[in-house]
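Visitor: I have a structure here, written as structure tokens, and I will follow up with some questions on it.
The values are calculated or read from the model by the stated rules, or taken from the named source; none is laboratory data. No experiment lies behind these values; they were computed from the predicted model shown. Here the Cβ is made from the backbone with ideal geometry for all residues, glycine too, and neighbour counts use every protein chain on show. SASA here: full protein model, heavy atoms, side chains in, ligands and nucleic acids out. Shrake-Rupley method; radii C 1.70, N 1.55, O 1.52, S 1.80 Å.
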Amino acid sequence: MKDVFIHPTAIVDEGCKVGEGTKVWHFCHLMPKAEIGERCSFGQNVFIANNVRIGNNVKVQNNVSIYEGVEIEDDVFLGPSMVFTNVINPRSGVNRQGQYARTRVKKGASIGANATIVCGNDIGEYAFIGAGTVVTKEVKPFALMVGNPARQLGWMSAYGTRLEFDENGNATCKESGEQYKLIENTVKKLND
């Protein structure tokens with residue numbers, strides 16, 4: 001594993017694939033069938049289960065567990081102590097291993113501290129999930145979601161700035177200058 005940093009207290013099981021430039025900090029555990037991309041960072045006490053795939057340049061803050069059934073695409077930010085579930089109806093006395101609902105967090109999405117993502121609900125590209133939000137349904141690309149249960153408050157740019165659309169459905173990111181169009185409650189980035 002070239003240019004990979006693994007803290008001495010971390011456990012990376014044999015068979016786990018870790019990409020170049022990735023940093024694994026204190027008390028993390030990466031299971032043997034996990035696949036981790038390049039330039040990722042895992043804060044203290046992160047757990048990555050078997051069969052989890054994580055893209056490149058993903059930032060996982062302290063106390064996050066990513067369970068089987070969850071897939072993380074490139075450039076995703078996972079805030080401290082946010083939670084993924086992987087079974088809709090868990091019971092201690094009922095073995096539902098292998099009945100994991102799939103959840104995909106798409107490119108560039110951010111999930112705030114202490115948010116909960118109920119399994120089976122994908123998070124769209126560049127969506128922004130506020131701290132403490134509970135996601136119980138699929139999230140559109142670029143959507144800004146807050147509350148319990150999550151409700152859409154607006155739209156965010158790929159740069160992470162709130163978008164304000166004019167009467168023609170046009171918006172410009174105030175920080176990056178990127179152009180966006182709102183058509184039938186769907187945001188499209190125009191400068192790609």
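Visitor: What residue, among those in region 126-169 that are among the basic types (Lys, Arg) and more than 21 Å from residue 191 (Cβ to Cβ), is most open to solvent (accessible area, probe 1.4 Å)? Step through it out loud before you land on a result.
Guide: Restricting attention to region 126-169, the residues satisfying the condition of being among the basic types (Lys, Arg) are 137, 140, 151, 162.
From what's left, more than 21 Å from residue 191 (Cβ to Cβ): 137, 151.
Details: 137: 118, 151: 136 Å².
Within region 126-169, the match that is most open to solvent (accessible area, probe 1.4 Å) is 151.
Visitor: Residue 62 is checked against (1) assigned to a loop (DSSP other than H, G, I, E, B); (2) farther than 21 Å from residue 37 by Cβ; (3) polar (S, T, N, Q) and fails just one. What number does that condition carry?
Guide: If we test residue 62 against (1) assigned to a loop (DSSP other than H, G, I, E, B); (2) farther than 21 Å from residue 37 by Cβ; (3) polar (S, T, N, Q), just (2) comes out false.
Visitor: For a quick check of your reading of the model, give me the residue pairs whose first member lies in region 67-86 and is at positive phi and surrounded by 20 or more Cβ atoms within 10 Å (Cβ to Cβ), whose second is part of a loop (DSSP other than H, G, I, E, B) and among the aromatic types (Phe, Trp, Tyr), with beta-carbon atoms closer than 8 Å and at least 6 apart or on different chains.
Guide: Close Cβ pairs satisfying both conditions: 69/100.
Visitor: Determine whether residue 94 is open to solvent by 60 Å² or more (accessible area, probe 1.4 Å), at negative phi and without any contact (Cβ under 8 Å) to a residue 24 or more places away in the chain.
Guide: Yes.
Per-residue answers, yes or no, for (1) farther than 21 Å from residue 120 by Cα; (2) at pLDDT below 95; (3) touching a Lys or Arg at 6+ places or on another chain (Cβ under 9 Å); (4) basic (Lys, Arg):
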{"site": "134", "(1), (2), (3), (4)": "no, no, no, no"}
{"site": "144", "(1), (2), (3), (4)": "no, no, yes, no"}
{"site": "147", "(1), (2), (3), (4)": "no, no, no, no"}
{"site": "152", "(1), (2), (3), (4)": "no, no, yes, no"}
{"site": "162", "(1), (2), (3), (4)": "yes, no, yes, yes"}
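Visitor: On to the next question. Could you please give the count of residues in region 33-66 that are among the aromatic types (Phe, Trp, Tyr) and surrounded by fewer than 24 Cβ atoms within 10 Å (Cβ to Cβ)? Show your work before the answer.
Guide: At the first step, the residues of region 33-66 found to be among the aromatic types (Phe, Trp, Tyr) are 42, 47.
Imposing the further condition that a residue be surrounded by fewer than 24 Cβ atoms within 10 Å (Cβ to Cβ) reduces the set to 47.
Summing the residues that are among the aromatic types (Phe, Trp, Tyr) and surrounded by fewer than 24 Cβ atoms within 10 Å (Cβ to Cβ) in region 33-66 gives 1.
Visitor: Moving to a separate point now. What tally of residues in region 48-59 results from selecting those that are part of a loop (DSSP other than H, G, I, E, B) and either in contact (Cβ under 8 Å) with a residue 24 or more places away in the chain or among the aliphatic types (A, V, I, L, M) (or both)?
Guide: Of the residues in that region, 5 qualify.
Visitor: So, one more: For the list (1) surrounded by fewer than 19 Cβ atoms within 10 Å (Cβ to Cβ); (2) in contact (Cβ under 8 Å) with a residue 12 or more places away in the chain; (3) under 23 Å from residue 46 (Cα atoms), I need the number of the one condition that residue 100 fails.
Guide: (1)
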